[in-house]
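All remarks here apply to the structure that follows.
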Amino acid sequence: MTPLVHLVGAGPGDPLLLTRRAADLLARADVVVADRASAGPVLALAPPSAARHHVGRSAAGPAWDLDAIVDLLAAEARLGRTVVRLKSGDPFVCSRGAEEALALAARGVRCEVVPGVTAATAAPLAAGWRPGRTVTFAAGNADPVQPQLDLAALADPRAALVVLTGRARQANLADGLVAAGLPPTTPAAVVHGAFRPTQQVLATTLAGLGGSRLPPPAALVIGPSEGEGDAHP
């Protein structure tokens, strides 16, 4: 039988927002490989006997590289174990899920993808945002293939912009968007832990975004909102 890895979206962190397929796979997992220990409430759905591996950046050291993660997944899958690769949000939205799936295929390992609720939609809802007809999602961290975001293309005053993994660069992103033509008074918010018990929302403007800091995981929401909705409690 061809070895199999389940690439599962963990959603924004609330176990109640998991898909039924994701919850079922976690309940019978032998091995769970997760990016962050902050996925604790979701990881708790796995049996106590399941091996747990944290491969994201932590106080103990840097994140594992792609090859090391895929080697671990492939090795466990070849032993016939039920392997869940748990990705925050949705595996293919501002994530390396596609890269991991391709790397697993190159090693002869099948991959089942289970979608999840992405923070790109959860964060605006948590902030009381009502995006209009156009919404853009962007990854704010540096990427070896495309190291710089095209801020001129993102600076559309008619569209809402949600930036994931951009917390470390939010001051530079804000300055760049203003330089590209967005008004400094453009509404903005920083959302930490959308829909988790620890959720925090800082409402500000593009001019104030650089100084509006919340701990990770945090998403940036920038642009017009239809209506004046209050932030999610």
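Values quoted throughout were computed directly from the atomic coordinates according to the rules given, and no laboratory measurement underlies them. Note that the structure is a prediction, hence the values are computed from the model and not measured. Virtual Cβ from ideal backbone geometry, glycine too; neighbours counted across all protein chains shown.
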Once normalised by the length of segment 4-114, the mean sequence separation of its alpha carbon contacts under 8 Å that are 6 or more apart gives a contact order in percent of 42
Phe92 neighbourhood, Cβ < 12 Å, K/R = +1, D/E = -1, net charge -1
Note on segment 83-155: contact order normalised by length, alpha-carbon pairs under 8 Å, 6 or more apart, percent, works out to 26
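Show me 106-113, 188-195 ranked by packing, highest mean number of other Cβ atoms within 10 Å first. Write down the numbers at each step before the final one.
Details: 106-113: 15.5, 188-195: 24.5.
Ranking the peptides 106-113, 188-195 by packing returns 188-195, 106-113.
In debye, nearest 20, what is the charge dipole magnitude of segment 4-114 about its Cα centre with +1 on Lys and Arg Cβ and -1 on Asp and Glu Cβ, if you could check?
Working: 13 positive and 12 negative charges, 41 e Å.
It works out to roughly 200 debye.
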At the level of C-alpha centres, the distance separating segment 84-129 and segment 10-73, in angstrom, is 12
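Pairs of alpha-carbon atoms within less than 8 angstrom and 6+ residues apart define the contacts here; what relative contact order does the chain have, in percent?
Working: 493 pairs, mean separation 49.9, N = 233.
Dividing the mean separation by the residue count of the chain yields 21 percent.
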For segment 4-114, the Debye formula with one identical point scatterer on each Cα and no solvent gives log10 I(q)/I(0) at q = 0.14, 0.18 Å⁻¹ as -0.48, -0.82
Measuring from its Cα centre, the chain shows a charge dipole (+1 at each Lys and Arg Cβ, -1 at each Asp and Glu Cβ) which, in debye to the nearest 20, is 400
Summing -39500 (n - 2.57) over every DSSP H run of at least 4 residues in the chain and dividing by its residue count gives a helix-only mean residue ellipticity at 222 nm, to the nearest 500 deg cm²/dmol, of -6500 deg cm²/dmol
